[in-house]
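Below is one structure, written out as structure tokens; the observations come after it.
The values are calculated or read from the model by the stated rules, or taken from the named source; none is laboratory data. Please read all numbers here as calculations on a predicted model, not as lab measurements. With ideal geometry, Cβ positions are generated from the backbone for all residues, glycine too; neighbour counts draw on all protein chains shown. Side chains are part of the model used for accessible areas, which takes the heavy atoms of the whole protein and leaves out ligands, DNA and RNA. Shrake-Rupley method; radii C 1.70, N 1.55, O 1.52, S 1.80 Å.
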Amino acid sequence: MDTQQISAPSRAPSSGVVHINIRLTDGYTIISNRLSQHRGMSLLAIGLGTHIQSLPAGRRIGIKVLAATFPESEAAIAAGLRELEHHGFLRRTRERVGGGRVATRTESYNHPEAAARRAGPTPVRDRGPVPVREPGPVPVRDRGPVLAPEPEPEPVREPEPEPVREPEPEPVRESEAEPVQEKPAPAPRLVPPPTAPKPPPPALPGPCRPSEALYAAAADLLAGLRRTAPVFVLSEDDVRRLVPGVAAWLERGMRPDAVREVLTDDPPVPLRHPAKLLRHRLTALLPPPLPVAAPVVPLQTCEDCDRAFRSSVPGVCRGCGDARADGAEPLRLSA
């Protein structure tokens, strides 16, 4: 009875964050929760460490370069880098390069504890010269509670282990005096700004052959809308402006009751501008004109043979007409 139903669908939490995750196939970086959920660092340091771990090897991450890329000041970015160094996610050393110059070498760790265990303890006699730090206060690493003074710190918790590196090309050196990179140009806006000019509304349709009777019928229809739909109360100016549109509908064979039903069907609640709604519907829902019917040719009786044929004028049929043209006697039907 206490067996968990593994196949049962998971229910969304009633409160808190709900993750809508899409499977990523490119453009992503795996970040450890040791960094993203660290309780001892500020959000600025966590975001800075996440950004550094997402960069490719060799990318410059100096204070001036980061300050030119992000809105934070150089002092805030420097404080975030010191937090990352304090908790072991970042290591910066000053090394002498050719020409008597000093460059900064930066190493980023996604798992500081595992990197320290892999490197192993480093004896004091093999440490070599102590790397030169950049100017500024040097944070004290957290070595845990000290019960008694010891002559030397524990080798496992040495804050600056020297990991074994395979031979590789000389890494790109970073100097704080590098020129500031230009900010990328902003992407073009796909949404027009609120101040962009709006296109003019489409013109109200009108009849092809206007007449006084057609305009009078359209005016009567508009003035009587409030009888069946009380919310459609129009002023005299509204009726005068909308008369051509209704006349165009009536000219195209629409009955007045059908026009009234289309114009007043399902209005929004509340209806603030009935004249604007009627203008929109008269323009957007205008029916096409009726097809022109083919003319009907009347039946005629042939004067010679008394047969019926279709023609717009009376006379003889085609056969009798051909006989007259040849000089033959017309064919007459017997009585």
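Structure values in brief
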quantity	calculated
Accessible surface, the range 212-285, averaged per residue in Å² (probe 1.4 Å)	60 Å²
Charge dipole magnitude, Cβ of K and R +1, D and E -1 - the range 27-115, Cα centre, debye nearest 20	300 debye
Whether the range 244-316 is rounded, prolate or oblate, judged on the alpha carbon gyration tensor where a/c under 1.5 counts as rounded	prolate
Difference of contour (0.36 nm per residue) and Cα-Cα distance, L286 to N110	56.7 nm
Carbon and sulfur %, accessible surface of the range 33-117 computed with the full protein complex present, 1.4 Å	51 percent
For the range 291-304, Karplus couplings with θ = phi - 60° (6.51, -1.76, 1.60), whole Hz, Gly/Pro x	x, 6, 6, 5, x, 8, 7, x, 7, 10, 9, 5, 6, 9
Mean-position separation - Cα centroids, the range 269-297 and the range 237-256, in angstrom	8 Å
Sites I20 and R118 - FRET efficiency at Förster radius 35 Å, r taken between beta-carbons, to 0.05	0.40
Accessible area per residue in Å² at 1.4 Å probe, computed on the range 33-117	52 Å²
For the range 33-117: rounded, prolate or oblate by the Cα gyration tensor [a/c cutoff 1.5]	oblate
For C317, residues with placed amide H under 5 Å, excluding near neighbours	E303, D304, C305
Interchain or long-range residues, amide H under 5 Å from N110's placed H	none
